[in-house]
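Engineer: I have a structure I would like to understand better, so I am pasting it below and will then ask my questions one at a time.
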Amino acid sequence: AIGAHGVTHRALSVLDAAALAREILDSQRLLEDVLGAQARSFAYPFGEAPAAARQLVLAHYDAGFGVTMGLASVRSAKEHLERIDAHYVRRMTRIDGLDRGPRRMYLAMRALGRHVKWRLAPRRLGP
């Protein structure tokens, strides 16, 4: 599956409505034109997903991904799904069972650490 990530990788929270639409919709169109395949998902640059961006993604993509670490479920908003970075499971020989037992605890601890880091560390948005 092909996913878009924006044309210029700008923080979506600082864009006006026209620039936001260009960033989200033009990235889809460009990918589809070049690759000849549907771009069905969108990953929000810097994990920022303001309401207007979520509405555009919901209307034009099958799914959107932020940086909230976790397992997507039937209760998840399809325009802002949870995800697990491959980095956190790179040493696992099997990824089944991520929703229970020691693997679930491992992911919960990584998610907590990530949450604390995001809250405490200053972030630079954009180039």
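Engineer: Scan segment 48-60 and report the pairs whose first residue is assigned to a helix (DSSP H, G or I) and whose second residue is polar (S, T, N, Q) and modelled with pLDDT under 95, with Cβ atoms within less than 9 Å and a gap of 6+ or a chain change.
Structural biologist: Ala53/Ser13
Engineer: Here's another thing I want to ask about it. In segment 22-31, what count of residues is obtained for those that are open to solvent by 30 Å² or more (accessible area, probe 1.4 Å) and within 13 Å of His60 (Cα to Cα)? Steps first, answer last, please.
Structural biologist: Filtering segment 22-31 down to residues open to solvent by 30 Å² or more (accessible area, probe 1.4 Å) leaves 22, 25-26, 29-31.
Within this subset, residues satisfying the condition of being within 13 Å of His60 (Cα to Cα) are 22, 25-26, 29.
Matching residues across segment 22-31 total 4.
Engineer: Confirm whether Lys78 is open to solvent by 40 Å² or more (accessible area, probe 1.4 Å) and in contact with a strand residue (DSSP E or B) (Cβ under 7 Å, 6 or more places away or on another chain). Please lay out each step first, then the result.
Structural biologist: Working: open to solvent by 40 Å² or more (accessible area, probe 1.4 Å): yes; in contact with a strand residue (DSSP E or B) (Cβ under 7 Å, 6 or more places away or on another chain): yes.
In short, yes.
Engineer: Further question on the same structure: If we keep just the residues of segment 39-75 that are open to solvent by 40 Å² or more (accessible area, probe 1.4 Å) and charged (D, E, K, R), which is farthest from the chain's Cα centre (by Cα)?
Structural biologist: Arg75
Engineer: Please enumerate the residues belonging to segment 93-107 that are modelled with pLDDT under 75 and open to solvent by 50 Å² or more (accessible area, probe 1.4 Å).
Structural biologist: Step one: list which residues in segment 93-107 are modelled with pLDDT under 75, which gives 93-98.
Hits for segment 93-107 are Thr93, Arg94, Ile95, Asp96.
Engineer: Which condition number does Arg22 fail, the rest of (1) touching a residue at least 12 places away in the same chain (Cβ under 8 Å); (2) out of contact with any strand residue (DSSP E or B) (no Cβ under 8 Å at 6 or more places or on another chain); (3) within 27 Å of Ala121 (Cα to Cα) being met?
Structural biologist: (3)
Engineer: As an exercise: evaluate Gly70 against (1) farther than 14 Å from His5 by Cβ; (2) free of Cβ contacts under 8 Å to residues at least 40 places away in the same chain; (3) not aliphatic (A, V, I, L, M) and give the number of the one condition it does not meet.
Structural biologist: Of everything listed in (1) farther than 14 Å from His5 by Cβ; (2) free of Cβ contacts under 8 Å to residues at least 40 places away in the same chain; (3) not aliphatic (A, V, I, L, M), Gly70 misses just condition (2).
Engineer: Moving on. Would you mind finding the one in Leu35, Leu12 that is out of contact with any Pro (no Cβ under 9 Å at 6 or more places or on another chain) and either under 27 Å from Arg119 (Cα atoms) or of a type outside the set (Phe, Trp, Tyr) (or both)? Steps first, answer last, please.
Structural biologist: Numbers: Leu12 fails: out of contact with any Pro (no Cβ under 9 Å at 6 or more places or on another chain).
Answer to the selection: Leu35.
Engineer: Okay, next question. Can you tell me which residues in segment 61-86 are assigned to a loop (DSSP other than H, G, I, E, B) and of a type in the set (Phe, Trp, Tyr)?
Structural biologist: Within segment 61-86, the first condition is being assigned to a loop (DSSP other than H, G, I, E, B), and the residues that meet it are 61-62, 70-80, 84-85.
The one that is assigned to a loop (DSSP other than H, G, I, E, B) and of a type in the set (Phe, Trp, Tyr): Tyr61.
Engineer: More than 16 Å from Glu79 (Cα to Cα), assigned to a helix (DSSP H, G or I) and either open to solvent by 30 Å² or more (accessible area, probe 1.4 Å) or at pLDDT 95 or above (or both), is that true of Arg10?
Structural biologist: Numbers: more than 16 Å from Glu79 (Cα to Cα): yes; assigned to a helix (DSSP H, G or I): no; either open to solvent by 30 Å² or more (accessible area, probe 1.4 Å) or at pLDDT 95 or above (or both): yes.
When the stated conditions are applied, Arg10 does not pass them.
The values are calculated or read from the model by the stated rules, or taken from the named source; none is laboratory data. What you see is a predicted model; the values in this text were computed from it and never measured. Here the Cβ is made from the backbone with ideal geometry for all residues, glycine too, and neighbour counts use every protein chain on show. The protein model used for the area step is the full one, side chains on, heavy atoms only, and it has no ligands, DNA or RNA in it. Shrake-Rupley method; radii C 1.70, N 1.55, O 1.52, S 1.80 Å.
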